[in-house]
């Protein structure tokens, strides 16, 4: 109302300055009355005014505004505005406020719904992965354990056979590796102290553990190892090279080759296996991810490799071609 009154007042003053007749245009929603200094009506519709003082006034049905800004131009001292539809305006304002509030609530609910789905999706994916991990764990652990038990039963009934002993040994090593990997993840290797170790010795020791597995697939292993001393805890070093060797054997073809080099501060292991699609190469280090479901495993081996590399600032690179050679390079 004050803005409307100021607009009318400026027109009164302008018409007076230009020697024009006094004329006040109607304003939708308001009644307008102009009074002299003697409070006599000059123009507009007469209605009761509680007080001829600058300010807002109201009764049960109407709102008033008294403005003194005309300053006696055209003899007008008091400009009085009366709202015709105060209750309707209030009701309309309430309705608009309610509509805005309802719209805001709906918007918040929708945004909250989509944000919740967006944030819960990774959790849901991890839950699915974890369920799959538990199922795979049960199957994967059961296979070598069953083989060990069956072989032991046969050893009790028959003469000791080298093939049976080899099967027992390989199965036992598979169980040992699974146990070692899970223990490393669960215990987080917090109590291990880092020492300066010769990585060549660690690699050679791990190779002896996988000779039987490599022989079973008729794999040819070539190695060029130099002494390389690096500060790392022994358990992490063992898990690092153990998982790389295990994967090179597991995902290799029958009669394939594995090349191992430790030179110039770098460790490179290559295998003539199935290869990894380019779009999947960034995912193979994610926990529980398995690029090939045809082979056993939980998808934790390369996750452990990545954890060790991150912990000891070891650079890691992968290059692979499908049905050809896959190489993983570590930079110490």
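The values are calculated or read from the model by the stated rules, or taken from the named source; none is laboratory data. Remember, it's a predicted structure, so these values are computed and weren't measured experimentally. Glycine also receives a Cβ, built like all others from the backbone with ideal geometry; neighbour counts cover every protein chain displayed.
Key figures for this structure:
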quantity: Hey, residue 227 closer than 17 Å to residue 306 by Cα and either modelled with pLDDT of 90 or more or under 37 Å from the mean Cα position of the chain (by Cα) (or both) or not; calculated: no
quantity: Per-region count, the range 43-76, residues in contact with a helix residue (DSSP H, G or I) (Cβ under 8 Å, 6 or more places away or on another chain) and buried (at least 16 other Cβ atoms within 10 Å of the Cβ); calculated: 9
quantity: Residue under evaluation residue 33, criteria (1) touching a strand residue (DSSP E or B) at 6+ places or on another chain (Cβ under 8 Å); (2) assigned to a loop (DSSP other than H, G, I, E, B); (3) within 18 Å of residue 6 (Cβ to Cβ), criterion not met; calculated: (2)
quantity: Test: residue in the range 19-40 that is at pLDDT 85 or above and within 60 Å of the chain's Cα centre (by Cα); calculated: no
quantity: Qualifying residues in the range 186-221 (those that are more than 21 Å from residue 248 (Cβ to Cβ) and modelled with pLDDT under 80) - the one surrounded by the most Cβ atoms within 10 Å (Cβ to Cβ); calculated: 189
quantity: Residue within the range 45-58 that is free of Cβ contacts under 8 Å to residues at least 24 places away in the same chain, under 12 Å from residue 83 (Cα atoms) and within 60 Å of the chain's Cα centre (by Cα) present; calculated: yes
quantity: Residue list for the range 220-236, filter: free of Cβ contacts under 8 Å to residues at least 60 places away in the same chain, touching a helix residue (DSSP H, G or I) at 6+ places or on another chain (Cβ under 7 Å) and under 17 Å from residue 268 (Cβ atoms); calculated: 221, 225, 226, 227
quantity: Pair list, Cβ < 7 Å and 6+ apart or interchain, from the range 315-328 residues that are touching a residue at least 60 places away in the same chain (Cβ under 8 Å) to residues that are not in a strand (DSSP E or B); calculated: 326/275; 326/276; 328/244
quantity: Some residue of the range 10-17 being assigned to a loop (DSSP other than H, G, I, E, B) and either without any contact (Cβ under 8 Å) to a residue 40 or more places away in the chain or surrounded by fewer than 17 Cβ atoms within 10 Å (Cβ to Cβ) (or both); calculated: no
quantity: Any hit, the range 47-64, residues being in a loop (DSSP other than H, G, I, E, B) and on the phi > 0 side of the Ramachandran plot; calculated: no
quantity: The range 234-261: number of residues that are within 22 Å of residue 194 (Cβ to Cβ) and within 32 Å of the chain's Cα centre (by Cα); calculated: 9
